[in-house]
Amino acid sequence: MRSLNQRILVSASLVLLVFVVGTALTLDRAFYDSGKTALQDRMLGKLFLLMGEAEVDDHGRLVMPEELPGLMEFEHLNSGIYAFIADERNTQVWKSMSTLSIQIPFRASLPEGEKVFEQIELNEKPHFIYSFGVAWETEVRDYPFTFHVIMDSTSLEEQIDLYRRDLWGWLAVMGVLLLIMQMSVLRWGLRPMRQVSSELSAVESGLQESVQGIYPVELKRLTDNINSLINHERKHQQRYRNALADLAHSLKTPLTILRGAINTENDAQVMRALLNEQIDRMDNIVQYQLRRAATAGSSPGTRLIALRPVVEKIVNTVHRAYYEKYPKVTLEIPPEFCLRMDEGDLMELLGNVIDNAYKWCRQDITISASYEHDEVVIRVEDDGRGIKREELGKILERGVRADQSIPGHGIGLAIVRDIVEAYDGSLSIDPTRTSGAAFVIRVKR
């Protein structure tokens, strides 16, 4: 079942069904127990009235009056209530007139004070019998008797059946009403989800650029992440388009130079040098634009990466390329320090900055990382000849065309600049240093 609305509706309906059935069974049992208890109390009252009318002489003979005031049901046939009294030998010493229409069941005598209340079948109908054992005191001795009252439970069963019909009928009506209300509430509650789906369809069809509705707090983060992903993909596509456009534009100049040299240059040595120069230039342009286009950029789904292992890996790799130098590399990066960035972008970014530090250092390189408010700050410092103040702006200037970069110099920093900007960060050079250079990278946490 793929529909969220159907899943919730079916689940809620099952819960409602279990609740209604459980409630009905509980109420039904409570009503039955209440009716049974009321019948038991009524029969016990009849027993006490019957015992109040009984007399026992000194010889143990039970004497009952011919008329029983307050117990007239015992005097009518088929009244549905019967009584009989048995002695200690289970011999019936008295029975009511109403018992003439039934076969009195055998019941064992009970000890003094013991009560038994149970259901029996009598004339193929359900009845309840209440038996009470007593010991009648006389001057001679105590005589045990067992008083029995039988009552037809048909009226109780009829009341229970009527109650069950009413109970299940009303619960069914309430269940239907609750289900309708539940569907209405569910439809109202899921309306923001339908609105999100509608807006996403509009985004896919190009009718709008992002999810623009106002949503509950539970969906706010989802819609924000969707907009971030949409924005990220658009930026990525735009980088590809810009890179292709810049690549086509940048290759025009070296191709024009080569075409002109083929038609005008006669010196083979000069021609070879010009070809090598322009091929190297085109290779640098292609590498730069490919790296620029491949930059992933910030995305809500980007995972955290431990920075120190990446830096150590890059340092070990770059160290092999500059084997003639043995600079002291100091890492001031805590082992638990992490940042949210694509691993390929991070390797490309740090690889270029650390390679630059190796290229210009004399003896020392320091790489540090820290948190400043909501930013991650990475510093790569070297003790080289430094950068003149008048060159700072030129080095970090964002070129309009890629072929303005100097091979071996500007391409690496241009790649670093583009990667940092793709993560809404910044690249700067510490102007307070009197020697060497310190490149400072800032990106959002």
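The values are calculated or read from the model by the stated rules, or taken from the named source; none is laboratory data. Everything numeric here is computed off the predicted structure, so don't read it as measured data. Positions of Cβ are generated from backbone atoms using ideal geometry, with glycine treated the same way; all protein chains shown enter the neighbour counts. Ligands, DNA and RNA are stripped out before the accessible areas are found, and what is left, the full protein with its side chains, is counted by its heavy atoms. Shrake-Rupley method; radii C 1.70, N 1.55, O 1.52, S 1.80 Å.
So how many residues does region 36-67 have that are open to solvent by less than 60 Å² (accessible area, probe 1.4 Å) and touching a residue at least 24 places away in the same chain (Cβ under 8 Å)?
The number of residues fulfilling the criteria is 14.
Going through region 90-141 one residue at a time, which ones are surrounded by 11 or more Cβ atoms within 10 Å (Cβ to Cβ) and small (G, A, S)?
Scanning region 90-141 gives S96, S98, S101, S109, S131, G133, A135.
For region 356-379, name all the residues that are open to solvent by 10 Å² or more (accessible area, probe 1.4 Å), of a type in the set (F, W, Y) and closer than 15 Å to K325 by Cβ.
Passing the criteria: only W360.
Restricting to region 373-390, what's the tally of residues that are free of Cβ contacts under 8 Å to residues at least 60 places away in the same chain and among the acidic types (D, E)?
4
Tell me yes or no: at least one residue of region 318-331 is of a type in the set (D, E) and surrounded by 12 or more Cβ atoms within 10 Å (Cβ to Cβ). Walk me through it before giving the result.
Residues of region 318-331 that are of a type in the set (D, E), as a first pass: 324.
If we keep only those that are surrounded by 12 or more Cβ atoms within 10 Å (Cβ to Cβ) as well, we get none.
The answer is no; no qualifying residue exists.
When residues of region 68-89 are filtered for being free of Cβ contacts under 8 Å to residues at least 24 places away in the same chain and of a type outside the set (A, V, I, L, M), how many remain?
Of the residues in region 68-89, 7 are free of Cβ contacts under 8 Å to residues at least 24 places away in the same chain and of a type outside the set (A, V, I, L, M).
Residue pairs, Cβ under 7 Å, 6 or more apart or interchain, first in region 146-162 and free of Cβ contacts under 8 Å to residues at least 40 places away in the same chain and over 12 Å from E118 (Cβ atoms), second open to solvent by 10 Å² or more (accessible area, probe 1.4 Å) and of a type outside the set (A, V, I, L, M). List them.
These pairs meet every condition: E157/P126.
Can you tell me which residues in region 339-370 are over 38 Å from the mean Cα position of the chain (by Cα) and of a type outside the set (A, V, I, L, M, F, W, C)?
Selection gives G351, N352, D355, N356, Y358, K359, R362, Q363, D364, T366, S368.
Name the single residue that is surrounded by the most Cβ atoms within 10 Å (Cβ to Cβ) among those in region 211-238 being in a helix (DSSP H, G or I) and among the polar types (S, T, N, Q). Reasoning before the result, please.
Initial filter on region 211-238 (in a helix (DSSP H, G or I)): 217-238.
When the remaining residues are screened for being among the polar types (S, T, N, Q), the result is 223, 225, 227-228, 231, 237-238.
Values: T223: 21, N225: 14, N227: 16, S228: 15, N231: 15, Q237: 11, Q238: 10.
Filtering region 211-238 for residues that are in a helix (DSSP H, G or I) and among the polar types (S, T, N, Q), the one surrounded by the most Cβ atoms within 10 Å (Cβ to Cβ) comes out as T223.
What number goes with the only condition from (1) among the aliphatic types (A, V, I, L, M); (2) over 22 Å from E158 (Cβ atoms); (3) in contact with a strand residue (DSSP E or B) (Cβ under 6 Å, 6 or more places away or on another chain) that L17 does not pass?
Condition not satisfied by L17: (3).
For region 52-85, give me each residue that is under 15 Å from D142 (Cα atoms) and not in a loop (DSSP other than H, G, I, E, B). Even if it seems obvious, please write down each step before you answer.
Keep residues of region 52-85 that are under 15 Å from D142 (Cα atoms), which gives 54-62.
E55, V56, L62 - these are the residues of region 52-85 that are under 15 Å from D142 (Cα atoms) and not in a loop (DSSP other than H, G, I, E, B).
Determine whether L200 is modelled with pLDDT of 85 or more and open to solvent by 70 Å² or more (accessible area, probe 1.4 Å).
No: the conditions fail for L200.
Count, please, the residues in region 380-420 that happen to be small (G, A, S), crowded, with 19+ Cβ neighbours inside 10 Å and modelled with pLDDT of 70 or more.
3
Of the numbered conditions (1) open to solvent by 30 Å² or more (accessible area, probe 1.4 Å); (2) modelled with pLDDT of 90 or more; (3) farther than 30 Å from L14 by Cβ, D166 fails exactly one; give the number of that condition.
Every condition holds for D166 apart from (3).
How many residues, within region 429-445, are open to solvent by 30 Å² or more (accessible area, probe 1.4 Å) and modelled with pLDDT of 90 or more?
At the first step, the residues of region 429-445 found to be open to solvent by 30 Å² or more (accessible area, probe 1.4 Å) are 430-435, 442, 444-445.
Adding the requirement that they be modelled with pLDDT of 90 or more leaves 442.
So the count comes out to 1.
Considering region 302-311 alone, what residues qualify as being outside any helix (DSSP H, G or I) and exposed (fewer than 14 other Cβ atoms within 10 Å of the Cβ)?
The answer is R303, L304.
Filter region 5-35 for residues that are surrounded by 13 or more Cβ atoms within 10 Å (Cβ to Cβ) and either within 32 Å of the chain's Cα centre (by Cα) or of a type in the set (A, V, I, L, M) (or both) and give the result.
Correct list: N5, I8, L9, A12, S13, L16, F19, V20, V21, T23, A24, L27.
With region 324-386 as the region, which strands (runs of 3 or more DSSP E) entirely inside it contain at least 3 residues that are not hydrophobic (A, V, I, L, M, F, W, C)?
Once the strands (runs of 3 or more DSSP E) in region 324-386 are filtered for at least 3 residues that are not hydrophobic (A, V, I, L, M, F, W, C), what remains is 328-332, 364-372, 375-382.
Within region 239-278, take every residue that is of a type in the set (S, T, N, Q) and surrounded by fewer than 11 Cβ atoms within 10 Å (Cβ to Cβ) and give me the one that is farthest from I415 (Cα to Cα). It would help to see each step written out before you state the result.
Quick first cut of region 239-278, residues of a type in the set (S, T, N, Q) only: 242, 250, 253, 256, 263-264, 266, 269, 276, 278.
Narrowing further to those that are surrounded by fewer than 11 Cβ atoms within 10 Å (Cβ to Cβ): 263-264, 266, 269, 276.
Working: N263: 35, T264: 36, N266: 38, Q269: 34, N276: 23 Å.
Restricting to residues being of a type in the set (S, T, N, Q) and surrounded by fewer than 11 Cβ atoms within 10 Å (Cβ to Cβ), the top hit is N266.
Residues of region 7-44 being β-branched (V, I, T) and more than 26 Å from H148 (Cα to Cα), which ones? Give the derivation first.
So in region 7-44, the residues β-branched (V, I, T) come out as 8, 10, 15, 18, 20-21, 23, 26, 37.
I8, V10, V15, V18, V20, V21, T23, T26 - these are the residues of region 7-44 that are β-branched (V, I, T) and more than 26 Å from H148 (Cα to Cα).
Residues to consider are V211, V196, V149; find the one that is under 30 Å from D57 (Cα atoms) and touching a helix residue (DSSP H, G or I) at 6+ places or on another chain (Cβ under 7 Å).
V149
Is it fair to say I314 is surrounded by 13 or more Cβ atoms within 10 Å (Cβ to Cβ), part of a strand (DSSP E or B) and of a type outside the set (S, T, N, Q)? Before you say what the answer is, go through the steps one by one.
On the way: surrounded by 13 or more Cβ atoms within 10 Å (Cβ to Cβ): yes; part of a strand (DSSP E or B): no; of a type outside the set (S, T, N, Q): yes.
No.
Exactly one condition in (1) closer than 20 Å to T302 by Cα; (2) free of Cβ contacts under 8 Å to residues at least 60 places away in the same chain is not met by E204; state its number.
(1)
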